[in-house]
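Worksheet: one structure, shown below.
The values are calculated or read from the model by the stated rules, or taken from the named source; none is laboratory data. Note that the structure is a prediction, hence the values are computed from the model and not measured. Cβ atoms come from the backbone with ideal geometry, glycine included; neighbour counts cover every protein chain shown. Side chains included, ligands, DNA and RNA excluded: accessible areas come from the protein's heavy atoms. Shrake-Rupley method; radii C 1.70, N 1.55, O 1.52, S 1.80 Å.
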Amino acid sequence: MQADSYAVDHYENFPVASVLLPPAMRRPIHIVYRFARSADDFADEGERTSAERLALLDAYRQELRRIEAGAQPNTQLFVDLRNEVIMPHRVPVQLFVDLLDAFSQDVVKTRYADFDEVLDYSRRSANPVGRIVLHVAGLADAQRLRQSDDICSALQLINFWQDVAIDWKKDRVYLPQCDLASYGVTEAQIAQGEVNDAWRALLGFQVNRSRAMLMRGAPLGRTLPGRLGLEIRLTVQGGNGILRRIEQVGFDVFNQRPALRKRDWPGLLLRALFAR
């Protein structure tokens, strides 16, 4: 999250892209970022039809299948991915396939019945990134993978609550339909940007649930060594900072996007340095 502004704005779920990253990890993680950013563009950017978006994502899948089969990829991005990420660090190819599946889902699915459906999306859209980072670091044990999943899923959820209005313009609603019904909030209310007690209760519930998940994963930053541990602690502080901002604006995510500002980062860095 302490990434350059383009990285943060463009691909919210890439949690490790800053100067804090250990130098030996920067090149492979940058390659992974290029893969994720370009695939995300296929799903979201430009004026392509749904069929065109899905075809571009499927072309990426074909490249991953070539790598799995031991064949030469056709594009330089996938040559780099194979030679500098997947093979030397034994990163499972399925993690990249999961990311593509999530991007493809964004093309065709715009509503989620319940929280389990949202979490399943997050499992594929966000969790692979943290797992890839741990594999590249050589630190992918079972406990760290679970903690990374909690952090990455929480960051994905936080991005959803932060971007309700932006996603609505894309005809996407990530708030679970069962929660909308339970709190008496309608999609018409989202369209109008109406903030009332029912909306504040609904989004407050989502914020608390996301924070609990983020805190479950937070010990990861205290067990990882050096710069990587600091990076993860800062990522957690950044996610929690956005949740606080959502609360500070009274859950009105329609008239302003609750985001961190440059002046927020020094304080977050201090918290990350002294987190226990």
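Translational diffusion of region 94-164 was estimated from the Stokes-Einstein equation, with Rh taken as the Kirkwood radius over Cα pairs; at 25 °C and 0.890 mPa s the coefficient is 195 µm²/s. The three principal axes of the C-alpha atoms in region 125-186 carry coordinate ranges of 46, 23, 13 Å, sorted with the longest axis first.
Computed over protein heavy atoms with a 1.4 Å probe, the accessible surface of the chain works out to 44 Å² per residue. Rg to Rh ratio, region 29-93, alpha-carbon atoms and Kirkwood radius? Rounded to two decimals, Rg/Rh equals 1.00.
Region 51-146 has equivalent-ellipsoid semi-axes of 24, 21, 8 Å, by the square roots of 5 times the alpha carbon gyration tensor eigenvalues, sorted largest first.
Here the chain was treated as a single set of alpha-carbon atoms; its pair distances binned every 5 Å from 0 give 1, 6, 12, 17, 19, 17, 13, 9, 5, 2, 0, 0 percent. For region 22-65, GluC sites (Glu not before Pro) meeting the loop criterion (DSSP other than H, G, I, E, B) and having at most 10 other Cβ atoms within 10 Å: E47. When you filter the trypsin sites (Lys or Arg not before Pro) in region 126-204 for DSSP loop state and at most 14 other Cβ atoms inside 10 Å of their Cβ, you are left with K170.
Distance from the alpha carbon centroid of region 199-264 to that of region 25-42 works out to 23 angstrom. With kT/(6 pi eta Rh) evaluated at 10 °C and eta = 1.306 mPa s, and Rh the Kirkwood radius from Cα pairs, region 121-246 diffuses with a coefficient of 103 µm²/s according to Stokes-Einstein.
Here the Debye sum runs over all C-alpha atoms of region 224-275 as equal scatterers in vacuum, and log10 of I(q)/I(0) at q = 0.18, 0.24, 0.27 Å⁻¹ comes out as -0.59, -0.86, -0.98.
Just in region 186-276: which chymotrypsin sites (Phe, Trp or Tyr not before Pro) are loop by DSSP and have at most 16 other Cβ atoms within 10 Å? Answer by residue number: F274. Projecting each Cα onto the charge dipole of the chain (Lys/Arg +1, Asp/Glu -1 at the beta carbon, about the Cα centre), which of V195, L99, P176 comes out farthest on the positive side? Comparing the listed Cα positions along the dipole, L99 ranks first. Given a 1.4 Å probe and every protein chain left where it sits, what share in percent of the accessible area of region 63-199 is carbon and sulfur? Of the solvent-accessible surface of region 63-199, carbon and sulfur hold 48 percent. The charge dipole of the chain, taken about its Cα centre with unit charges on the Cβ atoms of Lys, Arg (+1), Asp and Glu (-1) only, comes to about 1200 debye.
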